[in-house]
Amino acid sequence: MSKIIGICGSPNGKKSTTLFALQKALEACANAGFETELIELCQYKIAGCIDCSTCKKELNCSQKDDFTEQLIPILADASVSGFIFASPVYFGGITGQLKTFLDRTVMFRRNGFLFANKVAGALTVGRSRHGGQELAAMDVIHAALIHGMVVVSDAAPTSHFGANLWSGIPEGLESDAVGIETAINLGINVARHAGK
Ligand SMILES: Cc1cc2nc3c(=O)[nH]c(=O)nc-3n(C[C@H](O)[C@H](O)[C@H](O)COP(=O)(O)O)c2cc1C
């Protein structure tokens, strides 16, 4: 079965608003018939890329951390057809956790563009109504394009830059109906394209 992986870049574990929204998107992928897998980056110890060049020769890294030991095999699975990269907005961009993860994925580019043509969607959550959700989405989109991935929007009728949510809404993120609609629509659209 084809698989879609959700990557959560929040440090907040189970109380993360980003995790809540990402699960909505992944549920939509599952409803479309895909196997889904959730990777919460806060559960892993991942060091920053040190430009050691090991991965210019092989799909490996000189740093023997959780990315190398645990995540490379999951990410390299040929049945993976799509990714949803999710992050809280930090200073108008993605978290350091997600940036660090994305930098380490350069090995997949250097070893035959192994992510090329896989589908990518961006999901971002900010505390402010207009706190840089779309800018943070661009961080994901830039990385996905550089991998040669197929970046998709949340599609009609909401179609913009993926899923963008507002956690500062007074009644709580669960009541951000507009944002949650973008999360569900992103999941549906990632699945639609991953199935092609
Ligand atoms: C260091 C830091 C920087 C932040 N910068 C922004 C920001 O630029 N814009 C915004 O809307 N929210 C910002 N926030 C708030 C988070 O994006 C918001 O609380 C989000 O819902 C946290 O997601 P999580 O619950 O998944 O961890 C920031 C929070 C932190 C800790």
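The values are calculated or read from the model by the stated rules, or taken from the named source; none is laboratory data. Note that the structure is predicted; figures quoted are calculated from it, not measured. Counting neighbours? That spans all protein chains shown, and the Cβs are built from the backbone with ideal geometry, glycine included.
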Quiz prompt | Verdict on residue 143 being more than 10 Å from the ligand (Cβ to nearest atom), at pLDDT 95 or above and closer than 13 Å to residue 183 by Cα | solution = no
Practice problem: Scan segment 134-160 and report the pairs whose first residue is hydroxyl-bearing (Ser, Thr, Tyr) and whose second residue is part of a helix (DSSP H, G or I), with Cβ atoms within less than 7 Å and a gap of 6+ or a chain change. | Solution: 153/189; 158/181; 158/182; 158/185
Exercise. Look through 40, 35, 69 and report the one residue that is among the acidic types (Asp, Glu) and within 16 Å of the ligand (Cβ to nearest atom).
Key: 40
Quiz item: Among the residues of segment 1-27, which ones are away from the ligand (no atom under 13 Å from the Cβ) and β-branched (Val, Ile, Thr)?
Solution: 4, 5
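Yes or no: residue 23 buried (at least 20 other Cβ atoms within 10 Å of the Cβ), under 13 Å from the mean Cα position of the chain (by Cα), at pLDDT 95 or above and within 30 Å of residue 177 (Cα to Cα)?
So residue 23 does not fit the description; no.
Residue by residue, here is whether (1) touching an Asp or Glu at 6+ places or on another chain (Cβ under 8 Å); (2) at pLDDT below 95; (3) within 15 Å of the ligand (Cβ to nearest atom); (4) of a type in the set (Phe, Trp, Tyr) holds:
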position	(1), (2), (3), (4)
91	no, no, yes, yes
115	no, no, no, yes
118	no, no, no, no
129	no, no, yes, no
136	no, no, yes, no
153	no, no, no, no
158	yes, yes, no, no
165	yes, no, yes, no
